[in-house]
1. Can you go through Ala486, Ala451, Ala465 and tell me which one is closer than 21 Å to Gln439 by Cβ, more than 18 Å from the chain's Cα centre (by Cα), surrounded by 18 or more Cβ atoms within 10 Å (Cβ to Cβ) and touching a residue at least 24 places away in the same chain (Cβ under 8 Å)?
2. Please go through region 427-444 and pick out each residue that is part of a loop (DSSP other than H, G, I, E, B) and more than 21 Å from Ala394 (Cβ to Cβ).
3. Is it the case that region 404-419 has a residue that's modelled with pLDDT of 90 or more and closer than 30 Å to Pro360 by Cβ?
4. Sort out which residues of region 516-538 are surrounded by fewer than 20 Cβ atoms within 10 Å (Cβ to Cβ) and of a type in the set (D, E, K, R), and write them in order of number.
5. Name every residue in region 373-392 that is of a type in the set (A, V, I, L, M) and under 14 Å from Leu347 (Cα atoms), in order of residue number.
6. State which residue is farthest from Ala536 (Cα to Cα) when the search covers only region 129-172 and only residues that are surrounded by 17 or more Cβ atoms within 10 Å (Cβ to Cβ), among the hydroxyl-bearing types (Ser, Thr, Tyr) and in contact with a Pro (Cβ under 9 Å, 6 or more places away or on another chain).
7. Which pairs do you get when a residue that is free of Cβ contacts under 8 Å to residues at least 40 places away in the same chain, found in region 111-132, comes within reach of a residue that is of a type in the set (Phe, Trp, Tyr), reach meaning Cβ atoms under 8 angstrom, with the pair 6+ apart or on two chains?
8. Taking Lys105 as the residue in question, decide whether it is charged (D, E, K, R), exposed (fewer than 15 other Cβ atoms within 10 Å of the Cβ), in contact with a strand residue (DSSP E or B) (Cβ under 6 Å, 6 or more places away or on another chain) and touching a residue at least 12 places away in the same chain (Cβ under 8 Å).
Amino acid sequence: MKGCDIALASYYVPLWPTVSLENITSFMHSNVLTNSKVIISYNKDKVFNGDVMLALYRYNIPFPCDCIGGEFLGHVFEYSAVAGDTYDLIAKKRFSNLTTVENLKRFNSYDPNHIPVNAKVNVTVNCSCGNSLISKDYGLFITYPLRPGNNLQGLSNETNIDAKLLQSYNPGVNFSQENGIVFIPGRGLARGVAVGISIAATCGLALLVICIYDRYFKKKQGEKTKLSIENSIGLSTQDASGGGEYETSGSSVHASGLTGIMVAKSLEFSYEELAKATNNFSLDNKIGQGGFGAVYYAELRGEKTAIKKMDVQASSEFLAELKVRLIGYCVEGSLFLVYEYIDNGNLGQYLNGKGKDPLPWSTRLQIALDSAIGLEYIHEHTVPLYIHRDVKSANILIDKNLRGKVADFGLTKLIEVGTSSLQTRLVGTFGYMPPEYAQYGDISPKIDVYAFGVVLYELISAKNAVLKTGETVAESKGLVNLFEEALNQINPLQALTTLVDPRLGDNYPIESVLKIAELGRASTRDNPLLRPNMKAIVVALMTLLKDLEG
């Protein structure tokens, strides 16, 4: 068995505590890592906040790959213990799961739960130099601790390495368990391996809405030909699960029963049917005003629905309804969208105590995860990508199972592939707008990240995004500033307890609250480049929820 000069360790930066280049250089010091500039040279695609490494991202740390005792490949780091260290904490937090408690017990003789301060702990990190019998094309390998979402296919997509090749280099590893350590070929990475999950990108909703949009404007321009929704976007030929009729290439399709209608089988309703169901769009039926039109309650064929009458402007911006099931549409006179009616209110109503029972802490985390997944989808898995631009607690609907559904995409912006940021007119809600958007109109997916960070603060505190401290507008304070002050205190845990929603009582784990607050702070950094993406946020929330459930 022979070692190699260098390997890479994929170090995942947690939300808490803060990790600096100096920290990593100190306890992962070796003959190939002599100063922090070396780390930067191996992570040129990453952003650093001065000396601080960004939370929720992975950084590649170089280290020697030695043959240890003729038994296995790895490197032994000498770590100086600090107060409170345990084997579990060193393995999971200090070394970000690059080693295991079992390895620490094997090469050390301390009490696993009581390690003396300044004790020298031998930390063994395994590595790989490849296998020429599998492939001679790879020489540099990454020691990669799996996290939630890192299944085989997802990891293959992230690294641009064939799934079969990954499995060949890791025989016996069950990637579906999403934990443990694997070895990834370093060559072939199109970019740094970022933490995240890969969701199959099916853009049926976006395509359907675009087709409806196209049909509406063609009809407005006097074109009489019926658009075949099914033929336009390649839907299956199964019967639509609804009672409406729509024309497809000269033939009429009729289906029965609305139960189970999915986005890909939306129906065309007549104007007369929608008008009748809403009492001619009366004020009594009006339940809201979204970014691009009014919303009316209606019962269509036995199912509760919400009908949005679109006030579509002559621009490239358009609605991209997501998570809330789209049932059908109408293009007579105006553009109408019919979607499922979520009759359990929105997150803002629950947090403000408007006739709603207080949400338990675990439910708040689940709603945060549900919402993050919705935003991650439109940011990562649609072409062109979408940006919501009005993420707030009032736009997160709560269903009967207390699950969150992102809604009101009336301000959504479509961004062409290859364009990460552009300038646009200012829309949205104050208190949720990041500096670059409020001041300059710069738009990118990171504006949704910022707003989501504010929502996380709302979930903790049940306070409004902007708090009045006096009679005038100038006498107000943003929730972001309030939490920033608390997190900067000498004892942030104590400061946070004063901000937690009093309706929670003592029924919350303060450590979990701290981690969500840190995630909120990471998401609301002034510099958009320093904010995590929604993919990283999803994985962080998955981990926090899993930890909470035990």
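1. Selected residue: Ala465, the only one of Ala486, Ala451, Ala465 that is closer than 21 Å to Gln439 by Cβ, more than 18 Å from the chain's Cα centre (by Cα), surrounded by 18 or more Cβ atoms within 10 Å (Cβ to Cβ) and touching a residue at least 24 places away in the same chain (Cβ under 8 Å).
2. Gly441, Ser444
3. Looking for residues that are modelled with pLDDT of 90 or more and closer than 30 Å to Pro360 by Cβ, one finds at least one in region 404-419, hence yes.
4. Hit for region 516-538 is Asp526, nothing else.
5. Val391
6. Per the stated criteria, the residue is Tyr138.
7. Pro112/Tyr87; Asn113/Tyr87; Ile115/Tyr87; Pro116/Tyr110; Ala119/Tyr110; Asn131/Tyr169
8. Working: charged (D, E, K, R): yes; exposed (fewer than 15 other Cβ atoms within 10 Å of the Cβ): yes; in contact with a strand residue (DSSP E or B) (Cβ under 6 Å, 6 or more places away or on another chain): no; touching a residue at least 12 places away in the same chain (Cβ under 8 Å): yes.
For Lys105, the condition - charged (D, E, K, R), exposed (fewer than 15 other Cβ atoms within 10 Å of the Cβ), in contact with a strand residue (DSSP E or B) (Cβ under 6 Å, 6 or more places away or on another chain) and touching a residue at least 12 places away in the same chain (Cβ under 8 Å) - is not met.
The values are calculated or read from the model by the stated rules, or taken from the named source; none is laboratory data. Computed from a predicted model, the values in this text were never measured in an experiment. Cβ: placed from backbone, ideal geometry, glycine included. Neighbour counts: every protein chain shown.
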